[in-house]
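Taking it in order: structure first as structure tokens, then the write-up.
The values are calculated or read from the model by the stated rules, or taken from the named source; none is laboratory data. Just so you know, these numbers come straight off a predicted model, no measurement behind them. Please note: Cβ atoms are built from the backbone with ideal geometry, for glycine as well, and neighbour counts cover all protein chains shown.
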Amino acid sequence: MWNRCKHFLWHELWETEAIGPLRRWLYPVLRVMLVMGQELAGGQLTLRAMSLVYTTLLSLVPLLAVSFSVLKAFGVHNQIEPLLLTYLEPLGSRGEEITLHILTFVDNMKVGVLGSVGVALLLYTVISLTQKVESSFNYVWRVSRTRSLPRRFSDYLSVIMVGPVLVFSALGLTASLMSSSLVQMMLAIPGLGQLVVLAGKAIPFLLIIVAFTFVYMFVPNTKVRFRSALVGAVVSGMLWQASGYGFATFVAGSSKYTAIYSGFAILMFFMIWLYLSWFILLFGAQISYFHQHPQQVRPEREAFRFSARLKERAGLALLYLIADAYYQGRPRWTQDALIQHLGLPGDAVAELLQPLERAGLLVETGEDNPGYVPARDPQHIFLAEVLEVLRSAEETAHPLRSRALELEPVERLMTQVRQARDSALDGRTLKDLVTGR
């Protein structure tokens, strides 16, 4: 039985030929579940969730202080306490105690007496949390490049400053809507009133899905489709609700832990809930990634490694696509579009783009969703130069003396190979490749 299960999981499940309609729907779900199990067993998601717990503990009070200052200007700062109580509801009475301590810290933090250096450090602490979150999401999405410094500053501050206002505006609008006279009239109607009550209970869950969808679309430094972000948000929202009920039950029966840890029990439960929250958020991001890139659902997550032959072929194909779009006047190729078209992981495409950019063969546009264009006229980009760049992309300075590798027979052979390559290419350029000469 065990051998049959292993054969099904590692062989039959990945067959794509001659499967019925039910299996065609069920097998992709099972593949994602298997790959997600491997991701959890690998430990990277759990490790990054734990690191975010540490960063959150350092940044929570400064983040709330900045949010409190912004919300105070709009007169809605009193809603921070209900929001914290809602988030910490699974902790029961301990959640109320933690909320009281956090708000006390925020009230005691007087930004006016910090000075310019203190305010700068306060903002840096808050931005570092956002940067850490982006790094974790970029890992999930196989993105090796972070946002540039100007974009990091503008995007992070916009979330920190505008995000709380939008959140509390949505909460206030929902509360006003539920207390309106029209809703009160609907509650008095038999049957319809029950539906309205049910909808009122579903609104917090829908707001969680909306918030998660926004995070999944905005935080990774790549273009995330709305549908993929929504799928991940629904899965993580369901896990959030289920884990909240389960954790509340665990805390309610944790009198033994309180007796053992005494006053530290509150901190322990708070850290566990923070860990579960970050883990669920990263788990949903992983689901979004697999939904947008189903070709990356593979039995094992191994770093994609190019052979010398495949790297040259893929690099030339990438340059051909970019130069062809340049000549035909079509939309520029973005990194996400290249990933979809070539069927390669995001880190593999980045491994091709980065050396070509450093060598001055490609340049990234300055748009919100940047594309790639030739850095100079393709007529002056020689294919021999392209192959040399791709071959030496990961080359580092050898720790030994340079003449240690300069063996005369080897040098003679390498010179002959290089001359044969240049002779075969005969000065051909990227333009010749595109035009078919």
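Only residues that are hydrophobic (A, V, I, L, M, F, W, C) and at pLDDT 75 or above: list them for the stretch 89-103, please. Quick ask: steps written out before the conclusion?
Our first condition is that a residue be hydrophobic (A, V, I, L, M, F, W, C); within the stretch 89-103, this holds for 91, 98, 100, 102-103.
Listed by number, the residues that qualify are 98, 100.
Can you tell me which residue is surrounded by the most Cβ atoms within 10 Å (Cβ to Cβ) among those in the stretch 323-336 that are assigned to a helix (DSSP H, G or I) and under 26 Å from the mean Cα position of the chain (by Cα)? Steps first, answer last, please.
Of all residues in the stretch 323-336, those assigned to a helix (DSSP H, G or I) come to 323-328, 335-336.
Still in the running and under 26 Å from the mean Cα position of the chain (by Cα): 335-336.
On the way: 335: 21, 336: 19.
It comes out as 335.
Would you call residue 277 out of contact with any Gly (no Cβ under 8 Å at 6 or more places or on another chain), assigned by TED's automatic domain parsing to the domain that holds residue 215 and either under 23 Å from residue 224 (Cα atoms) or buried (at least 21 other Cβ atoms within 10 Å of the Cβ) (or both)?
Details: out of contact with any Gly (no Cβ under 8 Å at 6 or more places or on another chain): yes; assigned by TED's automatic domain parsing to the domain that holds residue 215: yes; either under 23 Å from residue 224 (Cα atoms) or buried (at least 21 other Cβ atoms within 10 Å of the Cβ) (or both): yes.
Taking the combined requirement at face value, the residue satisfies it.
Which condition does residue 228 not pass, out of (1) out of contact with any His (no Cβ under 6 Å at 6 or more places or on another chain); (2) in a helix (DSSP H, G or I), if it passes all the others?
Among (1) out of contact with any His (no Cβ under 6 Å at 6 or more places or on another chain); (2) in a helix (DSSP H, G or I), the lone unmet condition for residue 228 is (1).
Among (1) touching a helix residue (DSSP H, G or I) at 6+ places or on another chain (Cβ under 8 Å); (2) without any contact (Cβ under 8 Å) to a residue 12 or more places away in the chain, which single condition is residue 388 missing?
Result: residue 388 passes all but (1).
Quick check: anything in the stretch 414-423 surrounded by 15 or more Cβ atoms within 10 Å (Cβ to Cβ), at pLDDT 85 or above and not assigned by TED's automatic domain parsing to the domain that holds residue 148?
Taking every residue of the stretch 414-423 in turn, none turns out to be surrounded by 15 or more Cβ atoms within 10 Å (Cβ to Cβ), at pLDDT 85 or above and not assigned by TED's automatic domain parsing to the domain that holds residue 148.
Quick check on residue 31: is it assigned by TED's automatic domain parsing to the domain that holds residue 289 and modelled with pLDDT of 75 or more?
Numbers: assigned by TED's automatic domain parsing to the domain that holds residue 289: no; modelled with pLDDT of 75 or more: yes.
The answer is no for residue 31.
Residue 80 - would you say it is at pLDDT below 70, in a helix (DSSP H, G or I) and surrounded by 15 or more Cβ atoms within 10 Å (Cβ to Cβ)? Please lay out each step first, then the result.
Numbers: at pLDDT below 70: yes; in a helix (DSSP H, G or I): yes; surrounded by 15 or more Cβ atoms within 10 Å (Cβ to Cβ): yes.
Yes, satisfied.
Which ones in the stretch 318-342 are closer than 25 Å to residue 141 by Cα and either small (Gly, Ala, Ser) or in contact with an Asp or Glu (Cβ under 6 Å, 6 or more places away or on another chain) (or both)?
Residue satisfying the conditions is 337 alone.
In the stretch 345-389, what residues are of a type in the set (D, E, K, R) and surrounded by 19 or more Cβ atoms within 10 Å (Cβ to Cβ)? Please lay out each step first, then the result.
Start the filter on the stretch 345-389 by keeping residues that are of a type in the set (D, E, K, R), which leaves 347, 351, 357-358, 364, 367-368, 376-377, 385, 388.
Residue satisfying the conditions is 351 alone.
If you scan the stretch 303-339, which residues turn out to be more than 18 Å from residue 373 (Cβ to Cβ) and without any contact (Cβ under 8 Å) to a residue 12 or more places away in the chain?
Across the stretch 303-339, the qualifying residues are 305, 307, 309, 310, 313.
Within the stretch 104-142, how many residues turn out to be at pLDDT 70 or above, within 18 Å of residue 66 (Cβ to Cβ) and among the polar types (S, T, N, Q)?
So the answer is 5.
Conditions tested, residue by residue: (1) within 30 Å of residue 231 (Cα to Cα); (2) in a helix (DSSP H, G or I); (3) modelled with pLDDT under 85; (4) not assigned by TED's automatic domain parsing to the domain that holds residue 382.
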residue: 301; (1), (2), (3), (4): yes, no, yes, yes
residue: 304; (1), (2), (3), (4): yes, no, yes, yes
residue: 315; (1), (2), (3), (4): no, yes, no, no
residue: 321; (1), (2), (3), (4): no, yes, no, no
residue: 339; (1), (2), (3), (4): yes, yes, yes, no
residue: 348; (1), (2), (3), (4): yes, yes, yes, no
residue: 353; (1), (2), (3), (4): yes, yes, no, no
